[in-house]
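Participant: Pasting a structure below so you can have a look.
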Amino acid sequence: MIEELKTHYGYLFEDELLQEINQCGLFKAVPEGFTLMDIGQPISHMPLLISGALKILREDENGDELLLYFIEQGDTCTMSISCCMGNSKSEIRAIAETEATLIMVPVEKMGEWMGKYKSWQNFILQSYHERTIELLESIDTIAFLKMDERLLKYLKDKAMVNHNEMIAVTHQDIAQDLHTSRVVISRLLKKLENDGRLKLYRNQIHLLDL
């Protein structure tokens, strides 16, 4: 695990911190679709993403989901950090967008490293900044973009984190992530296909407009 840490976090953290993460962290490999963290679940560890991608979702009172943002290799989820630091339960759902490998850091180390390692403090603060920007973009998308624009942005983000313009996803999956109906998504996808922005296949979408 130390080699993975040095490869993906060696440019951020000093050797002493890397050694501590190696000693207390738990290596975890999860398949696509795996729920790593769920709403209302007590949080004992914070994820450091080594490979793959996760999608972070919120849920309304009716149980409908809304995609907040994706996190990729070298990232962590600031909403899980805030829950860790506040010793509270998770307010988000984290699902593996692809196969992923992670190192799970114990909650009790969070505050200790904030005071002990400047690099860790900088990493946490930078992560907060980046995820806050992404949350603001999500709010702007919902508030100001039409559904077809939201859909295209969603597909571009999904292609980016998967590093593939061929996206394996169903219309129902998209509708669930964007908090709308499958009928609306199917209609908009067909329109985007007619406009030459993408090509539709069975449970796959080839994004042409990257």
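The values are calculated or read from the model by the stated rules, or taken from the named source; none is laboratory data. Source: prediction; values computed, not measured. Glycine also receives a Cβ, built like all others from the backbone with ideal geometry; neighbour counts cover every protein chain displayed. Ligands, DNA and RNA are excluded from the accessible area calculation, which covers all protein heavy atoms including side chains. Shrake-Rupley method; radii C 1.70, N 1.55, O 1.52, S 1.80 Å.
Participant: Starting from region 173-189, take each residue that is of a type outside the set (A, V, I, L, M, F, W, C) and list its partners that are open to solvent by less than 50 Å² (accessible area, probe 1.4 Å), counting only C-beta distances under 6 angstrom and pairs at least six apart or across chains.
Facilitator: Qualifying pairs under 6 Å: Gln176/Glu65; Asp177/Leu67; His179/Leu66; Ser181/Ala175; Arg182/Ala175.
Participant: Of everything in region 38-68, what is open to solvent by 10 Å² or more (accessible area, probe 1.4 Å), under 30 Å from Ala143 (Cβ atoms) and part of a strand (DSSP E or B)? Give them in sequence order.
Facilitator: If the condition is that a residue be open to solvent by 10 Å² or more (accessible area, probe 1.4 Å), under 30 Å from Ala143 (Cβ atoms) and part of a strand (DSSP E or B), then Lys55, Arg58, Glu59, Glu65, Leu66, Leu67, Leu68 are the ones that fit.
Participant: Does Gln121 satisfy being open to solvent by 50 Å² or more (accessible area, probe 1.4 Å), closer than 18 Å to Glu72 by Cα, without any contact (Cβ under 8 Å) to a residue 24 or more places away in the chain and part of a helix (DSSP H, G or I)?
Facilitator: So Gln121 fails the test.
Participant: Any residue at all in region 139-160 that is under 17 Å from Leu68 (Cβ atoms), outside any helix (DSSP H, G or I), open to solvent by 50 Å² or more (accessible area, probe 1.4 Å) and in contact with a helix residue (DSSP H, G or I) (Cβ under 8 Å, 6 or more places away or on another chain)?
Facilitator: yes
Participant: Identify, from the list Thr7, Thr101, Thr76, the residue that is more than 23 Å from Ile174 (Cα to Cα), in contact with a Pro (Cβ under 8 Å, 6 or more places away or on another chain) and either modelled with pLDDT under 85 or of a type in the set (Ser, Thr, Tyr) (or both).
Facilitator: Answer to the selection: Thr76.
Participant: If you don't mind, there's one more thing I want to ask. Given the options Ser127, Ser186, name the one that is more than 17 Å from the chain's Cα centre (by Cα) and either at pLDDT 90 or above or not hydrophobic (A, V, I, L, M, F, W, C) (or both).
Facilitator: Ser186
Participant: Of everything in region 7-56, what is on the phi > 0 side of the Ramachandran plot and either touching a residue at least 60 places away in the same chain (Cβ under 8 Å) or of a type in the set (A, V, I, L, M) (or both)? Give them in sequence order.
Facilitator: Listed by number, the list holds a single entry, Gly33.
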